[in-house]
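Visitor: Provided herewith is a single structure, encoded as structure tokens, for subsequent inquiry.
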Amino acid sequence: MGADPHPRSRGEAITEPRINDRIRVPEVRLVGPEGEQVGVVSIGEALRLAQDSELDLVEVAPMARPPVVKLMDYGKFKYEAAQKAREARRNQALTVIKEMRLRLKIDPHDYETKKGHVERFLKGGDKVKITVMFRGREQSRPEMGYKLLQRLAGDVADLGVVESNPKQDGRNMVMVIAPHRNQAATDAARRTAKQEKHAANDEPAQAEQAPPA
């Protein structure tokens, strides 16, 4: 066959497959819309089948001999692929690293407060970077910082797992805790259900308190 008259096709083939009359080969291996193997047919026959079924002919394996094409609704396919890509980017963007700083000689009340913040971050689906800050001679007791971080990791083990073990970083010791998979989604659904329940319970009470017309 001669050169492709559309010079853009080589670049486009990298990101987008050729469809319908842009597929310029004498024969193709055709796959049906449900994944069934139709077999090797002429490109004309494949295009006719696509037109009869009101579907697109999409080249899915251009380097095969002969190229593999599939009957599908390409517009719907592109829409669903774009939706999945957006969802993947959204989930990636939602993964935030929060930071919590602790002093080596932290009092029990302050520890509980800090732990509560870490639990809230993990429930929200965020990773947490825990930093123990050493003062003066405390730098000679890194094992105490390690023990404090291990204690915190154990206290929030039902919500997260240690992703990066404690390590010395200058005058600090750092550890990263990541939420368990699906933890954020589970807690979000639980919070939504709880809010809806409260809203349903409040409506009758507000109706009773309303003055008569």
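Visitor: Identify the single condition in (1) assigned to a helix (DSSP H, G or I); (2) at pLDDT 90 or above; (3) of a type outside the set (A, V, I, L, M) that residue 98 does not satisfy, given that it satisfies every other one.
Guide: Looking at each condition in turn, residue 98 falls short on (1).
A quick yes/no check of all residues on (1) closer than 17 Å to residue 18 by Cβ; (2) basic (Lys, Arg); (3) within 27 Å of the chain's Cα centre (by Cα):
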| residue | (1), (2), (3) |
| --- | --- |
| 56 | yes, no, no |
| 59 | yes, no, no |
| 71 | yes, no, no |
| 76 | no, yes, yes |
| 84 | no, yes, yes |
| 88 | no, no, yes |
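Visitor: So for region 4-20 (the condition being modelled with pLDDT of 90 or more and not in a loop (DSSP other than H, G, I, E, B)), does at least one residue qualify?
Guide: Yes: region 4-20 contains one or more residues that are modelled with pLDDT of 90 or more and not in a loop (DSSP other than H, G, I, E, B).
Visitor: Going by what's in this entry, would residue 123 be described as open to solvent by 30 Å² or more (accessible area, probe 1.4 Å), touching a helix residue (DSSP H, G or I) at 6+ places or on another chain (Cβ under 7 Å) and either at positive phi or among the basic types (Lys, Arg) (or both)?
Guide: yes
Visitor: Could you check residue 138 against (1) open to solvent by less than 40 Å² (accessible area, probe 1.4 Å); (2) within 30 Å of the chain's Cα centre (by Cα); (3) of a type outside the set (Phe, Trp, Tyr) and say which number it fails?
Guide: Tallying (1) open to solvent by less than 40 Å² (accessible area, probe 1.4 Å); (2) within 30 Å of the chain's Cα centre (by Cα); (3) of a type outside the set (Phe, Trp, Tyr), residue 138 fails exactly one: (2).
Visitor: I'd like the full set of residues that are hydrophobic (A, V, I, L, M, F, W, C) and either more than 22 Å from residue 26 (Cβ to Cβ) or outside any helix (DSSP H, G or I) (or both), limited to region 36-62.
Guide: Hits for region 36-62 are 38, 40, 41, 55, 57, 58, 60, 61.
Visitor: One residue is enough: does region 117-131 have a residue meeting the conditions part of a strand (DSSP E or B), of a type in the set (Val, Ile, Thr) and over 21 Å from the mean Cα position of the chain (by Cα)?
Guide: yes
Visitor: Let me ask you something else. If we scan region 63-82, do we find a residue that is under 15 Å from residue 30 (Cβ atoms), loosely packed, with under 15 Cβ neighbours inside 10 Å, at pLDDT 90 or above and not hydroxyl-bearing (Ser, Thr, Tyr)?
Guide: Taking every residue of region 63-82 in turn, at least one turns out to be under 15 Å from residue 30 (Cβ atoms), loosely packed, with under 15 Cβ neighbours inside 10 Å, at pLDDT 90 or above and not hydroxyl-bearing (Ser, Thr, Tyr).
Visitor: Hey, another quick one. Any idea which of 99, 112, 87 is over 30 Å from residue 28 (Cβ atoms), surrounded by fewer than 16 Cβ atoms within 10 Å (Cβ to Cβ) and touching a strand residue (DSSP E or B) at 6+ places or on another chain (Cβ under 7 Å)?
Guide: 99
The values are calculated or read from the model by the stated rules, or taken from the named source; none is laboratory data. All of these numbers come straight from a predicted model, not from anything done at the bench. Cβ: placed from backbone, ideal geometry, glycine included. Neighbour counts: every protein chain shown. Heads up: the accessible areas ignore ligands, DNA and RNA and are worked out on the full protein's heavy atoms, side chains in. Shrake-Rupley method; radii C 1.70, N 1.55, O 1.52, S 1.80 Å.
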